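No value in this document is a laboratory result; all are computed from the given coordinates. Quick caveat, the model's predicted, so the values are computed rather than measured. Because the Cβ atoms are built from the backbone with ideal geometry, glycine has one as well, and the counts that use them run over all protein chains shown.
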Amino acid sequence: MIRVNLIPQQYLLKQKQRTQLIRAAGVALLLVVGVISLTFMHINRAYSSEDLLRQKEKTLAELQVKVAKVKELEQTRDLVKAHLGALEGLMLERTAYMDFMAQLARTMPDPLWFESVVTNAAAGRSSCCGAFDFTVSAASRSGDGAAQWLRNMDGMKGVANVEISGINVTKEEDTGRETFKFSVRGAYSVEGGR
């Protein structure tokens, strides 16, 4: 069979060009739509990134406020700890003196009495922590009183380096009674004192 082409060649060529033009336009349209959608995606991503950045900055600002409050509370805590430490030291010092005096009084034999008690912080030790040196001036009616008192002080908790000075003996002219005067020095520290 023979086919006869009755359509002019120019018409077919125009049809072919038109088809190619439509295809090219379709591809161009797809490219333009792709570029536009990519542009919108980038714009949307930029806006969402800006929103996310604003949210993060807002959260950061809130956290910075909370951190500042925490730091302020930590400073307050440290101040309170320092005050409590000072109060504890004062309470320890007060109880140290009371304990020391109570122990000192318990160790004193009958014929002995105090004339003076002096306490002061020793070099290298803090008196606020219940550690101090003491000097006690005492008198007794018998020579055994001083010896007995030193033996009794040997068992006192926290007392160390006890030394006795020379004993002065005086005799009252009218009664003839002898008085033995001496002083005792030492160091005292409460358990836990520095």
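Overview of values
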| quantity | calculated |
| --- | --- |
| Top of ASP51, ASP110, ASP99 by mean-square fluctuation, Gaussian network on the chain, Cα under 10 Å | ASP51 |
| Lysines with Cα under 30 Å of LYS69, excluding same-chain neighbours fewer than 8 positions away | LYS56, LYS58, LYS81 |
| Cβ-based charge dipole, the chain, positive-most Cα from ILE22, ALA96, ALA138 | ILE22 |
| Kirkwood Rh (inverse of mean 1/r, distinct Cα pairs), the chain, angstrom | 26.2 |
| Pairs of alpha carbons in the range 131-194 whose separation is greater than 16 Å (percent) | 51 |
| Per-residue HN-Hα couplings for the range 12-19 [Karplus 6.51, -1.76, 1.60; θ = phi - 60°; Hz; x = Gly/Pro] | 5, 5, 5, 4, 5, 5, 5, 4 |
